[in-house]
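Q: The structure follows.
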Amino acid sequence: MSSSTDTQGTGAYAPALESPRSPYRRGKPTRSNWELHGWLFMRMSGVLLLVMVFGHLWVNMVAGEGINQVDWSFVAGKWSSPFWQTWDLIMLWLAQLHGTNGVRTIINDYAERDATRFWLKMALYTATLVVLVLGTLVIFTFDPCMDPASTLEVCRTGSAG
Amino acid sequence: MATSLTPTAKDGPKRPVGTLYRGREGMWSWVAHRISGVAIFFFLFVHVLDTATVRISPEAYDAVIGQYKNPVMGVGELGLVGAVVFHALNGIRIILVDFWSKGTQHQRKLFWGVVVLFTLMMVPFAIRHLTFVFGH
Ligand code: HEM
């Protein structure tokens, strides 16, 4: 913030001039580089998300029978493989954290009252926690052999647990 | 195209000067990026909840997913994929503007690149997806 001074007394405000050679004083960093890291995270997660989300959309909506193929056994087929479990787990966390940070920015932009901002963010963080915990639990505890009629390899060998 | 920031005599004194961003590609892509980001955010929330029903039983999940298998939802899915594709491509544009030394110089071309790529991806996708939705 630059201070303005009515130096001439004309009513025209001009930025105050520092005396020559006075060393440039940067404002003391307030707390940390938290916002900078958030900014960087949005960009790094964005690049990764592009690959992961497009791969997800391709496999689920374009390849094979497209959206019509999606049912419980389709999910079981994917989540009987550690590859897709890992894919979806990383995608879940990246998308949710990226989205939460994005919405946090938007709340900061538009909610002017302190209390409004506070409660909107509480709702945001609650939703985030629910999605991350529930999503992670579902991926880790899913049993692809829950369907007794399953024809999956892992379910026919009898050793699946 | 007049992009000059210097008002000429012809423009008269009333013409606003700072119009390089406002009302142009830069601003509208930001608006669309914000709206698409929020839309995807809310969809992700619902999507994780509906997918969580796989944990209840095959019947529960198939019942939920069955609710989506109609033309109205099918068109809605197309809109969501459109939001994701725009947000993703425009996100790369933002990253290029931030990190590529020539990014700011070419920011308008980058925006039109997003529009072209978006169209190239969405037209074939729309045809394929709507064929599934309306055809079986
Ligand atoms: C698919 C790949 C994606 C890419 C490349 C991407 C990229 C970006 C970038 C670069 C930003 C700008 C951050 C800034 O200005 O500091 C951003 C903002 C945002 N993104 Fe994404 N993103 C992607 C996916 C997602 C997903 C899955 C969600 C929702 C869960 C999301 C929600 C948001 C939101 C809400 C914002 C804030 C917008 C704003 O401040 O105006 N994005 N994204």
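The values are calculated or read from the model by the stated rules, or taken from the named source; none is laboratory data. All values reported here derive from a predicted model rather than from experimental measurement. Positions of Cβ are generated from backbone atoms using ideal geometry, with glycine treated the same way; all protein chains shown enter the neighbour counts. We work out accessible area using only protein heavy atoms, side chains counted, and drop any ligands, DNA or RNA first. Shrake-Rupley method; radii C 1.70, N 1.55, O 1.52, S 1.80 Å.
Q: With every protein chain kept in place and ligands, DNA and RNA left out, what is the accessible area per residue of the range A:34-145? Probe 1.4 Å, answer in Å².
A: Accessible area per residue: 53 Å².
Q: Would you mind working out the magnitude of the charge dipole of the range B:25-124 relative to its Cα centre, with +1 at each Lys and Arg C-beta and -1 at each Asp and Glu C-beta, to the nearest 20 Debye? Don't skip to the answer; put the middle values down first.
A: Numbers: 7 positive and 6 negative charges, 95 e Å.
Result for the range B:25-124 is approximately 460 debye, rounded to the nearest 20.
Q: In nm, give the distance between the simple-model label positions of A:THR141 and B:LEU120, each being 7 Å from the Cα along the Cα-to-Cβ direction.
A: So the label points at A:THR141 and B:LEU120 sit 4.6 nm apart.
Q: While we're on this one: With θ set to phi - 60° and the Karplus curve 6.51 cos²θ - 1.76 cosθ + 1.60, what are the ³J(HN,Hα) couplings of the range B:78-87 in order, to the nearest whole Hz, using x for Gly and Pro?
A: Coupling constants for the range B:78-87: 4, x, 5, 4, x, 4, 5, 5, 4, 4 Hz.
Q: Taking a probe of 1.4 Å and counting only protein heavy atoms, give the total accessible area buried between chains B and A in Å², rounded to the nearest 100.
A: That pair of chains buries around 3300 Å² in total.
Q: So what is Rg over Rh here for the range B:25-135, counting just Cα atoms and using Kirkwood for Rh?
A: That ratio is 1.09, to two decimals.
Q: Select from the range B:60-86 all residues whose loss of accessible area on going from the chain by itself to the full protein assembly reaches 50 Å² or more (probe 1.4 Å).
A: B:TYR61, B:LYS69
Q: How far apart, in nm, are the 7 Å Cα→Cβ label points at A:LEU36 and A:VAL154?
A: Here the modelled spin labels are 4.3 nm apart.
Q: What nm value, rounded to one decimal, do you get for the distance between B:HIS47 and A:GLU112 when each label is placed 7 Å out toward the C-beta?
A: Taking the two extended label points, one gets 3.5 nm.
Q: Tell me, which residues of the range B:29-46 get at least 50 Å² less accessible area when the other protein chains come in, versus the chain alone (1.4 Å probe)?
A: B:ARG34, B:PHE41, B:LEU44, B:PHE45
Q: Using a probe of 1.4 angstrom, how much of the accessible area of chain A is carbon and sulfur, in percent?
A: Using a 1.4 Å probe with all protein chains present, chain A comes out at 64 percent carbon and sulfur.
Q: Loop sites only, by DSSP: take the trypsin sites (Lys or Arg not before Pro) in chain A that have at most 11 other C-beta atoms within 10 Å and name the longest stretch containing none of them.
A: A:32-112
Q: Let me ask something else about it. Mind checking which of A:GLY55, A:THR151, A:ALA76 is farthest towards the positive end of the range A:24-161's charge dipole, using Cβ charges of +1 (Lys, Arg) and -1 (Asp, Glu) about the Cα centre?
A: A:GLY55
Q: Can you pull the percent of the range B:25-135's accessible area that's carbon plus sulfur, 1.4 Å probe, other chains left in place? Let's see the in-between values first.
A: On the way: 4580 of 5950 Å².
That share works out to 77 percent.
Q: Kindly provide the GluC sites (Glu not before Pro) of the range A:18-67 that DSSP labels as loop, not H, G, I, E or B, and whose Cβ sees at most 11 other Cβ atoms within 10 Å.
A: Those satisfying the criteria are A:GLU18, A:GLU65.
Q: Residues of B:121-130, mean number of Cβ from any other protein chain within 10 Å of their own Cβ, rounded to a whole number?
A: 2
Q: Based on Cβ point charges of +1 for Lys and Arg and -1 for Asp and Glu, what charge dipole magnitude is obtained for chain A about its Cα centre, in debye rounded to the nearest 20?
A: I would put it at about 820 debye.
Q: How high is the FRET efficiency from A:THR86 to B:THR131, r the C-beta distance, R0 30 Å, rounded to 0.05?
A: Once the sixth-power term is evaluated, E becomes 0.40.
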